[in-house]
Amino acid sequence: MSTTDDGAADRARNETRSERYDRNWRDMQQELRIVQTGTQILAGFLLTLPFQQRFSILDDGEIAIYLVLVILAAGITILALGAVSTHRLLFGQRQKHDLVRFGNRILIACLVMSALLFAGTVLFVFDVVLGHTMGVIGGVVVFVATAVLWIGVPLAARRTRHDDQEDGEVPRS
């Protein structure tokens, strides 16, 4: 929604600007929880790998990929916790609009990094199990599928009927 639609959105939902910021912050918190939980599970898996017997046979390229994945997983977790930290520091300062704006940027960065983490993990596992070519193919397939689901589908949905429109009404641009 653009900033020019704020007043119309407030009236359509019958909420104040402050209530909208509160709702948006709650929505973002839930989304961050989902991203962080998935990342932490994957990070836990990654952190166990060096203690597996087969880890010692990895070549330098596979070890480099592995270390990048560990850094990505840690980065996503740290970034997601940045929203929590910001909330704590802004708590009671009447800056929910800043918190929502900052939280949105954090969440988008977490999603981009998560797409790279998931694709990289598939690349790594396929590389170790099936070879480098299959690793690259698997990683690319996961990355493209993620881009389609996380970017393509939502952008296509933006062109459809809005919740506040009646059937047969022309969508706004």
**Request:** For helix 17-48, report the angle its Cα long axis makes with the longest principal axis of the Cα atoms of the chain; keep it between 0 and 90° and round to the nearest 10°.
**Result:** 10
**Asked** What fraction, in whole percent, of alpha-carbon pairs in segment 70-154 exceed 20 Å separation?
**Response** 48
**Asked** Taking Cα pairs under 8 Å and at least six residues apart, what relative contact order does the chain come out at, in percent?
**Response** 20
**Prompt:** Based solely on its DSSP helices, what 222 nm [θ] is calculated for the chain when runs of n ≥ 4 H residues each add -39,500 (n - 2.57) and the sum is averaged over all residues, nearest 500 deg cm²/dmol?
**Reply:** -25500 deg cm²/dmol
**Prompt:** Where does the Debye-calculated log10 I(q)/I(0) of segment 77-121 sit at q = 0.21, 0.26, 0.28, 0.29 Å⁻¹, using only Cα point scatterers of equal weight, no solvent?
**Reply:** -0.66, -0.86, -0.94, -0.98
**Complete:** With a 1.4 angstrom probe the carbon and sulfur portion of accessible area for the chain, in percent, totals 63
**Message:** For the chain, what does the accessible surface come to per residue with a 1.4 Å probe? Please give it in Å².
**Reply:** 66
**Asked** Any number yet on Rg/Rh for segment 34-123, C-alpha, Kirkwood?
**Response** 1.12
**Projected area, mean over directions - the chain, Cα convex hull, nm²** = 12.8
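The values are calculated or read from the model by the stated rules, or taken from the named source; none is laboratory data. Only a predicted model underlies this, so the values are computations on that prediction, with no experimental measurement involved. SASA here: full protein model, heavy atoms, side chains in, ligands and nucleic acids out. Shrake-Rupley method; radii C 1.70, N 1.55, O 1.52, S 1.80 Å.
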